[in-house]
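Only one structure is covered here, and it is reproduced in the block below.
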Amino acid sequence: MATEFISNSWLMPENSNQDKLANYSLSFDGSTQYIDLTEQNYSGAFSMSFWVNPIEFTSNNRAFLVSDDTNQNFIWLLANNDIRLKINGNQHIFTESGGNDIVPSTWQNIIITRDGSNNVNCFRNSSAFGSSGSISGTFDINKIARAFSGSWMYEGKITELSIFDYALSASQVTQLYGTGSAVGNPMSLSTKPVAYYPLGQSAFNGEFLATNKATELYENYSLQLDGSDDFINCGNAFTQTGAFSVSAWIKTSTTSATSVLYKNGVFQFGKDSWYNGGVANAPNLSLTDSGGITKLFRNGVAPSGATVTVGTVVDLKDGNWHHIAFTYNGTNQGKYYTDGVVSYTYDITDGSWAGTLASNSNDLLIGKTTVANWNGNVSNISIYSSELTSAQVTTLYNNGKPFDLSTFAVTPVSWWRLGSVNSSYNSTSSEWTILDEIGTNNGTGSNLGPAQSALVDGVGATGNGVSSGMSSGTNKVGNSPYSDNNAVSYNMSVTAKSTSVPT
C-alpha cells in the first residue's frame, strides 16, 4: 500500500513494503481491549483465517481469537500446542504433537475449517495442527480478542482476519498462507470471503472501526448528522450559473413534518441564499415532510419565485439508503432522479425566470438551512458543471454502490466522500475536515461531536465492527507479517500532505 490517510492517521509504509498486502496490525493488551462485531452465524461449512502474533502463554493468558457472549462458541489459543474450537457448546481440542507449535512473539497464520459433513481441521502456516474432529451446530461469534466473561483476553497482535462460508481446500489454505515472505490475499480466492477484516487499516475515531472489506465498497462509512446543529460548510463550492448537476447519497427515517419548505427541509444541499444576502436564483435540494423532494429556484422577485414541488414519488424517509440527483440544462428544464431512475421532469414557466443562476459567494452547506438541519446520514456528494444524462445518473447509482468518481465519465467540480478515508476529526477544535477529492473546497464539519458517534456504516456496508478500550497512539502498529518499520502518524489532519517538496 502507498501512503494514505485513513481517519485519523496517515499510514506510511517503509519503501520496501509498498507492495505488501498488510503493513499494519492492531495490538491488544490482554486486559480490556477487544472488538465488537455484528453477530455472525455459521450453521454449515465455514473457514476462519487469522494472522496472529501472541505473547507467551501463561495460566492467565488464554488467548481468545473469536467468541460469543455465552461460552458456547469460541476459538481459543490455550497453549503453544493447544487450540480449542467450541461450537454450540461442543468442543474439540486440536493438540499438536509434531512440532508445529504456536511460537510466541512471531507472526503465524492460523486457519480453522469445517466442511459440509461437520469435520473440523486446524492449520498453522498451512500445515496441519493437531488432529481433525467433528462438531455440528451453529457457530455464533460477535467478539474478536475477548472471552465470553471478559477475562482471558487475547494479548498480542492480530491482522488479516478472513471468514468464508465454505471449507477451504488444502491449496487455498496454502494460498492464504502465502509465499513465506508475503501474506496471501483472501480477496483473490476464486470464492471470496463473506467477511474480511484487515485490522491494521482500521480507521480510528475514538475507537477503531474494523471494516468488513469483503463487501468491496469504495467507502464503507458515512457521516451521521443529528438533526439539531450538525452541518458541513464547504465554502464557495457552488459557482455554476448555467447547466449543473448534483448527486448525493442520503439515509433518514425522520417523520417530522411542517408545511413550510425551509422548516421541513430536513436535508439541505444548497446555498442558503434567501436568508444570507438575498441572492436570487440559488439552487436548493430538500425533502418534504412526506418524504418527497423539493427542488427550489428563487427568481429574485419573491421567495416563492420559480418554485417547483415534486410529490412523493419515492418515500425517501424509509430508513434506507437512496441516491438522489438533480440535473438542470441551463435554460428551462430540470430532472429529479431517485435511485438512478428519472422520477420527475419539469419545465420552468415562470415569466420572471432569468434562465441562469445568479453568481454569488455564499457558502455551500451540507445538512443545514437557517431553520432546519438534516437528521440522518450523508455520503458521496458531488457537483458537476453540466447536465448529466440519464445514463450517466444511472451509472452514478451503480446498483446501489458509490464508486471512485475520479474514474467517472464526467469529472465533478467537487466531491466529498464523507466517510473514513480523507476525513479527519480534531478533538481540540471539535471539528471535522472533509477533503474535496476533486476541487479545493474542503468541508468543515461543525457540531458533529466525537467521531465514534458521527462516523457510521455507509451505503451497503455490513458486518463492520468497533473496538473497545483502544487508542490510536498505542494500538495501531507498523508491524505485520513480513512487514516492519512502517510509520503511523498521530494528531495530523488529512490536509497535512503537501505538494511542496525540496528541489
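Candidates are the residues of region 461-478 that are part of a loop (DSSP other than H, G, I, E, B) and either of a type in the set (Lys, Arg) or surrounded by fewer than 18 Cβ atoms within 10 Å (Cβ to Cβ) (or both); the one that is modelled with the highest pLDDT is Thr462. When region 322-338 is examined, which residues are found to be modelled with pLDDT of 85 or more and at positive phi? Within region 322-338, no residue meets the criteria.
Checking each residue in region 88-126 for being under 18 Å from Asn185 (Cα atoms) and not in a loop (DSSP other than H, G, I, E, B) picks out Gln108, Asn109, Ile110, Ile111, Ile112, Thr113, Phe123, Arg124. Taking region 191-200 as the range and being modelled with pLDDT under 95 and surrounded by fewer than 24 Cβ atoms within 10 Å (Cβ to Cβ) as the test, no residue passes.
Residue-by-condition table, conditions (1) assigned by TED's automatic domain parsing to the domain that holds Glu437; (2) more than 13 Å from the chain's Cα centre (by Cα):
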residue	(1), (2)
Tyr197	no, no
Ser202	no, no
Gly206	no, yes
Leu209	no, no
Asn212	no, no
Ser228	yes, yes
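Of everything in region 13-46, what is modelled with pLDDT of 85 or more, of a type in the set (A, V, I, L, M) and under 21 Å from Ser489 (Cα atoms)? Give them in sequence order. The answer is Leu26, and nothing else. Sub-7 Å Cβ pairs linking a first residue in region 37-52 that is farther than 11 Å from Asp140 by Cα to a second residue that is among the β-branched types (Val, Ile, Thr) and assigned to a loop (DSSP other than H, G, I, E, B), at least 6 apart or interchain, are Trp51/Val183, ordered by first then second residue. When every residue of region 389-401 is checked against the conditions, none turns out to be crowded, with 24+ Cβ neighbours inside 10 Å, out of contact with any Lys or Arg (no Cβ under 7 Å at 6 or more places or on another chain) and not in a helix (DSSP H, G or I).
Residues of region 136-172 being more than 21 Å from Pro54 (Cα to Cα), aromatic (Phe, Trp, Tyr) and either at pLDDT below 95 or within 23 Å of the chain's Cα centre (by Cα) (or both), which ones?
Correct list: Phe164 only.
Whether a residue is within 30 Å of Glu216 (Cβ to Cβ), in contact with a His (Cβ under 8 Å, 6 or more places away or on another chain) and either assigned to a loop (DSSP other than H, G, I, E, B) or among the hydrophobic types (A, V, I, L, M, F, W, C) (or both) was assessed, and Leu85 passes this test.
For the structure I just gave you, tell me whether Ile144 is within 14 Å of Ser47 (Cα to Cα) and buried (at least 17 other Cβ atoms within 10 Å of the Cβ). Against the criterion (within 14 Å of Ser47 (Cα to Cα) and buried (at least 17 other Cβ atoms within 10 Å of the Cβ)), Ile144 does not qualify. Please work out which residue is farthest from the chain's Cα centre (by Cα), limiting yourself to region 440-459 and to residues that are at pLDDT 90 or above and surrounded by 19 or more Cβ atoms within 10 Å (Cβ to Cβ). Among residues in region 440-459 that are at pLDDT 90 or above and surrounded by 19 or more Cβ atoms within 10 Å (Cβ to Cβ), the one farthest from the chain's Cα centre (by Cα) is Asn441.
The values are calculated or read from the model by the stated rules, or taken from the named source; none is laboratory data. Just so you know, these numbers come straight off a predicted model, no measurement behind them. Cβ: placed from backbone, ideal geometry, glycine included. Neighbour counts: every protein chain shown.
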